[in-house]
Amino acid sequence: MRKVHFDGTHRVRHPEETWAVIDRLRGTFGITRVADVTGLDTLGVPVVMAVRPAAKTLTVSQGKGTSLLLARISAVMESVELWHAEYACPAPEVLGTPACELTLPYDVRDLQQHHGSLLSERTPLDWVVGTDAATGEKTLVPRASVGIDYQVSDAWQPPLLHGSTNGLASGNSYHEAVTHALHEVIERDCTAAIGSVPVSERRHVDPSTVDDPMCAAMLGRIADAGAWIEIADVPNRWGLPCFVTYLWSEDFPALAVGSGVHSSPAVALSRAVTESAQSRLTAIAGSRDDLSAALFSPAPSAAGRAPVTQGDVVGWADVSAPVHQFAEDTDETRWLADRVCELTGSPPVVVDLSTHDGFSVVKVVAAGVTFDGRHEIPRPLAPPASPPAPKESA
């Protein structure tokens, strides 16, 4: 389908049309409340939360965007995606069969695993049918890599495959959903190794040089609120624009991190900035199930390091050239799938979890991509903040 909306995101429907479809279905997925929490912070970047009390995973989902409507859609669709991973995972087509007895286009040992995993190619697993995103051929993936359930069980399970939200995405069309899922697995691969990027290869972008209207407006609001933001340009094997942003202010001195990958540099930066604002507001609201206790430590917070303004600091023009431009969602899906095959040697496999005609939900399972289950993104080395000048005596 042809893309028609480009403000901060690429979609094949205008946001008003998307909201008209999903708003009437919120009750179907157990969403009882959608709340605008933007005003709990001073930044003015739209953040919304959706509440789903009967969830098997997280009961509160956050959404962000360059507008309140996009943030509302983001929050609801994230909650809807989780519902599908919990309740709409297909029944296994093949039961208790080791990978070595199947003809698979990937090595099962290259999938995401729990720390200390005992998985081997001879481990009996249950399998569901997916589609090779590159060729369209049917293949099998472990059901444990698709469904998600955080409920406590009395039964002991050996550490094997890690079912996560990585690669879980929705869209107005099937290919739009697959495109967003592929961007996510690529983003996690890019940011998993940011801490090991040599200092000589680290670049930071001067926020004052960003001239994309949507991003510049958000960065201006953040600066006007007295906060600073640092933009790290992340080198990666995919050849796609990837940015990580670090947000900090004295009135809430917890470093908030966001990341984004996209074929459009402006969209990648927009995702990183809005995710930083979302992470910060999530901590301020205190409503998410998995918040770290460290955020609420009674110990006084140390002053944040100043943003990088020296060394390899580049202008937006140096990093904002589009890598690829796609008018159709199908073209972008095909390019991303081929890129994954080229760099990992294995095709990404798509499991369609959709339950309604108005939108699609998919889970992409990609062997050979790096994934840190904690999704911690350490801040690249920066010079320490200069000590404050002594005050003049009266």
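Numbers for the structure displayed
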quantity	calculated
Cα centre as origin, Lys/Arg/Asp/Glu Cβ charges: the chain dipole, Debye	560
Inter-part distance where the stretch 217-266 and the stretch 63-101 are each reduced to a Cα centre, Å	26
Gain on full stretching of the segment that runs from Leu343 to Asp149 - 0.36 nm per residue minus C-alpha separation	66.8 nm
Stretch in the chain that is longest and holds no trypsin sites (Lys or Arg not before Pro) that DSSP places in a loop and that have at most 14 other beta carbons within 10 Å	238-373
Chymotrypsin sites (Phe, Trp or Tyr not before Pro) within the stretch 127-197, DSSP loop, no more than 14 other Cβ atoms inside 10 Å	Tyr150, Trp156
Within the chain, helix-based [θ] at 222 nm, where runs of 4 or more DSSP H residues each add -39,500 (n - 2.57), nearest 500	-8000 deg cm²/dmol
Share of carbon and sulfur in the accessible heavy-atom surface of the chain [1.4 Å probe, %]	51
Mean separation of Cα contacts under 8 Å (6+ apart) over length of the chain, as relative contact order %	20
Accessible area expressed per residue, the stretch 85-225, with surrounding protein chains retained (probe 1.4 Å, Å²)	48
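The values are calculated or read from the model by the stated rules, or taken from the named source; none is laboratory data. Just so you know, these numbers come straight off a predicted model, no measurement behind them. Ideal geometry is used to build each Cβ from the backbone, glycine not excepted, and the neighbour counts take in all protein chains shown. Heads up: the accessible areas ignore ligands, DNA and RNA and are worked out on the full protein's heavy atoms, side chains in. Shrake-Rupley method; radii C 1.70, N 1.55, O 1.52, S 1.80 Å.
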